[in-house]
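Heads up, the thing below is written out as structure tokens.
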Amino acid sequence: MNWPAVRAIYVFEMHRFLRTATQSILAPVISTSLYFVVFGAAIGARMNTVDGVPYGLFIVPGLMMLSLLTQSITNASFGIYFPRFAGTIYEILSAPISPVEVVLGYVGAAASKAIIIALIILATAALFVPLRVEHPFWMLAFLLLTAVTFSLFGFVIGLWADGFERLQMVPLLIITPLTFLGGSFYAIEMLPPFWQTVSLANPVVYLISGFRWSFFGRADIGIAASLGMTMLFLVLCLGAVTYIFRTGYRLKS
């Protein structure tokens, strides 16, 4: 393993994040505050608790997961797309670096940035509600697994996209709606039976449910199903990345 090469890619990507640190940190703080003002004050005033959890506290895992998914995909997709756009991808492919090392560098940096933003949101939430995490180990495990999985997904999108429009299409038109409809701000059991069944087809439901369980010890979906769905998507993304490097799909175009 060429760890200096992995570190070089990782450090370069993290420096790109630090160059816009003010924007990267301020944006989630403001958006989280607005969510608490709008949802916590407007809806929370009419719905004090959800499954025994104060509503303001109930939405914290959903807010973190919403940011984690979009940030993981966006950071990884832009990270690998820019070398393709600028033509520097040829230098990476011709360097003595294996595909595993390239993926570790880009995906590791994207996942790190997404986790930092999620933790900033958690710290901001602590200013509005008294936080409690019943299973901190599983909270960190879900945080890490989800960040790595969707960073891999973003890496695939960055190689698939042939323009900036496609880079934005998946996070904005697919991931964000699925997250909002995945129980970020409500419990699935609050829906009519038919829509509860339909919601089970949304993979984000399993991610949010498992993450919420790590906070409160209760969830809409069993922890085993949530963890299994996360691992399944991780395996699928690893398979897609392996296929891309074996076939060279869109690596040089």
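Points to keep in mind about this one:
- Matching residues, the stretch 126-144, being buried (at least 17 other Cβ atoms within 10 Å of the Cβ) and modelled with pLDDT of 90 or more: 138, 139, 142, 143
- Residue identified as under 22 Å from the mean Cα position of the chain (by Cα), part of a helix (DSSP H, G or I) and without any contact (Cβ under 8 Å) to a residue 12 or more places away in the chain among 80, 30, 73: 30
- Residues within the stretch 221-245 that are among the aliphatic types (A, V, I, L, M), crowded, with 17+ Cβ neighbours inside 10 Å and under 16 Å from the mean Cα position of the chain (by Cα), tallied: 3
- Scanning the stretch 176-187 for residues that are touching a residue at least 12 places away in the same chain (Cβ under 8 Å), open to solvent by 10 Å² or more (accessible area, probe 1.4 Å) and out of contact with any Gly (no Cβ under 7 Å at 6 or more places or on another chain) yields 176, 178, 180, 181, 186.
- Residue 96 falls short of the stated requirement of being in a helix (DSSP H, G or I) and not acidic (Asp, Glu).
- Selected residue (criterion: modelled with the highest pLDDT) from residues of the stretch 210-251 that are among the charged types (D, E, K, R) and within 30 Å of residue 55 (Cα to Cα): 212
- Given (1) at pLDDT 80 or above; (2) open to solvent by 30 Å² or more (accessible area, probe 1.4 Å); (3) more than 21 Å from residue 188 (Cβ to Cβ), index of the condition residue 76 fails: (2)
- Restricting the first member to the stretch 111-127 and to residues that are part of a loop (DSSP other than H, G, I, E, B), and the second to residues that are surrounded by fewer than 18 Cβ atoms within 10 Å (Cβ to Cβ) and at pLDDT below 90, the beta-carbon pairs closer than 9 Å and six or more apart or on different chains are 127/33.
- Residues within the stretch 12-42 that are open to solvent by 70 Å² or more (accessible area, probe 1.4 Å) and polar (S, T, N, Q), tallied: 2
- Condition check for residue 68: closer than 30 Å to residue 132 by Cα and either part of a helix (DSSP H, G or I) or open to solvent by 10 Å² or more (accessible area, probe 1.4 Å) (or both): yes
The values are calculated or read from the model by the stated rules, or taken from the named source; none is laboratory data. For clarity, every value in this text was computed on a predicted model and none was experimentally measured. Glycine also receives a Cβ, built like all others from the backbone with ideal geometry; neighbour counts cover every protein chain displayed. Protein only, heavy atoms only, side chains kept; ligands, DNA and RNA dropped before computing areas. Shrake-Rupley method; radii C 1.70, N 1.55, O 1.52, S 1.80 Å.
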